[in-house]
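Enquirer: Sending over a structure as structure tokens; questions will come in a sec.
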Amino acid sequence: MPEGPSIVLLREAAARFKGKTVRGVSGNSTLDLACLEGRRVRAVRSWGKHFLLEFSHVSLRIHLMMFGSWRIDERKETPARVSLRFDNGELNFYTCSVKLIDQPLDEVYDWRTDVMSDLWDPRLARRRLKSMPDVLVCDALLDQTLFSGVGNIIKNEVLFRIRVHPANPVGDLPPRKLADLVKQAREYSFDFLRWKRGFELKKHWQVHTRRTCPRCGGPVSKVYMGTTHRRTFFCPVCQVDYRAGTPRPPAKKRTLARGPVQRGGVRPVR
């Protein structure tokens, strides 16, 4: 699923259509999008994983879901879900969710929760986290009302970066780690954007899809974890489990592999 930084790249690429008029609409969407024809794009925006084209009385929302994609001035062999033609080019979306929003976007979206937004409010995120002490940190990071734009890759990498086990309940984290969680949710997202723009994202992954921990050399665990049952990669040695009481210092080298964690909503991969 494209995460927030990837949608920012889409927003930047589509910025050329701001101020342009839709000359034609096509695609296999079940929505009647004929109302967009003849309308001028007032703004090209994004919120988390949502791409937004704002018109005078309506906005088009595109969510690329798990396997969606987009093309500008080119088409895939498969039919487009939505195709918008302008005087200066064409914007095509595939395998996506499409919605028309007839309310002002500033009333629909809280821009303070978007980790890529200039209006991002870390204090708000921290207050909301403190109100959900029983939620696992792996679920909290994927909560779009808290960290809009954070997806599974960012979740795994942030927790590895701050050395926190993904099965920790939010309420068990020390205050310093809670602050680190909020800070790195944004900082790693901008690192992601920079690496994605340079076509080098995967080479910077420390734990996501990896087999060996770059810190201790031990095996990386892979489980489906939390209420979302999303694929989670973590080092059971370097990432501290605060549920067990006094945190263990990170080991320099791991010699024996441990099985997947079974507590706190963790379901092992079969």
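Enquirer: Given 185, 94, 38, which one lies farthest toward the positive end of the charge dipole of the chain, if we put +1 on the Cβ of every Lys and Arg and -1 on the Cβ of every Asp and Glu?
Expert: 185
Enquirer: Under a straight-distance cross-link criterion of Cα-Cα below 18 Å, which aspartates and glutamates are reachable from residue 196, leaving out those fewer than 8 residues away in the same chain?
Expert: 3, 12, 157, 187
Enquirer: Ignoring ligands, DNA and RNA, what percent of the accessible area of the chain is carbon or sulfur (1.4 Å)?
Expert: In the chain, the share of accessible area belonging to carbon and sulfur is 49 percent.
Enquirer: Only sites in a loop by DSSP and with at most 10 other Cβ atoms within 10 Å count here; which GluC sites (Glu not before Pro) in the stretch 68-173 make the cut?
Expert: 74, 77
Enquirer: Let me ask another. Any idea what angle helix 4-14 forms with the longest principal axis of the chain, computed on alpha-carbon atoms, 0 to 90 degrees, nearest 10?
Expert: 20 degrees
Enquirer: Cα gyration tensor of the stretch 84-124, axes a ≥ b ≥ c as square roots of the eigenvalues: rounded (a/c below 1.5), prolate (a/b > b/c) or oblate?
Expert: It comes out prolate by the Cα gyration axes.
Enquirer: Against the longest principal axis of the chain, how steep is helix 175-197, in degrees 0 to 90 to the nearest 10, with axes from Cα atoms?
Expert: Computed tilt is about 50 degrees.
Enquirer: Tell me the Rg and the Dmax, in Å, that the Cα atoms of the stretch 107-244 produce.
Expert: Both quantities, over Cα of the stretch 107-244: 14.4, 49 Å.
Enquirer: Now, a different point. Evaluate E = 1/(1 + (r/R0)^6) for residue 99 and residue 227, where r is the Cβ-Cβ distance and R0 equals 41 Å; express this FRET efficiency to the nearest 0.05.
Expert: 0.95
Enquirer: What is the Cα coordinate range of the chain on the first, second and third principal axes, sorted by size from largest, in whole angstrom?
Expert: 64, 39, 30
Enquirer: Also, I was wondering about something else. Among the aspartates and glutamates, which have Cα under 12 Å from the Cα of residue 20 when same-chain residues fewer than 8 positions away are ignored?
Expert: Counting by Cα, and skipping residues close in sequence, residue 20 has these aspartates and glutamates nearby: 37, 54, 87, 90.
Enquirer: A follow-up question, please. To test your reading of the geometry: what angle, between 0 and 90 degrees and rounded to tens, separates the Cα axis of helix 152-161 from the longest principal axis of the chain?
Expert: That works out to roughly 40 degrees.
Enquirer: Could you quote the convex hull projected area for the stretch 1-68, Cα atoms only and averaged over all directions, in nm²?
Expert: Computed as one quarter of the Cα hull surface, the answer is 4.6 nm².
Enquirer: To continue, here is another question. Looking at 83, 103, 117, which one has the Cα that reaches farthest to the positive end of the dipole of the stretch 82-129 (charges on Cβ: Lys, Arg +1; Asp, Glu -1)?
Expert: Ranked along the dipole, the leading option is 117.
Enquirer: May I have the convex hull volume per residue, in Å³, for the Cα set of the stretch 160-200?
Expert: 67 Å³
Enquirer: Among the listed pairs 177/202; 130/203; 99/203; 18/177; 99/177, which have their C-alpha atoms separated by more than 31 angstrom in this model?
Expert: Check vs 31 Å cut-off fails for 130/203; 99/203; 18/177; 99/177.
Enquirer: Please list the three semi-axes, largest first and in whole Å, of the ellipsoid equivalent to the stretch 1-149, using sqrt of 5 times the eigenvalues of its alpha carbon gyration tensor.
Expert: 30, 16, 13
The values are calculated or read from the model by the stated rules, or taken from the named source; none is laboratory data. Quick caveat, the model's predicted, so the values are computed rather than measured. Neighbour counts run over all protein chains shown; Cβ positions are idealised from the backbone, glycine included. These accessible areas exclude ligands, DNA and RNA; they are computed on the full protein's heavy atoms, side chains included. Shrake-Rupley method; radii C 1.70, N 1.55, O 1.52, S 1.80 Å.
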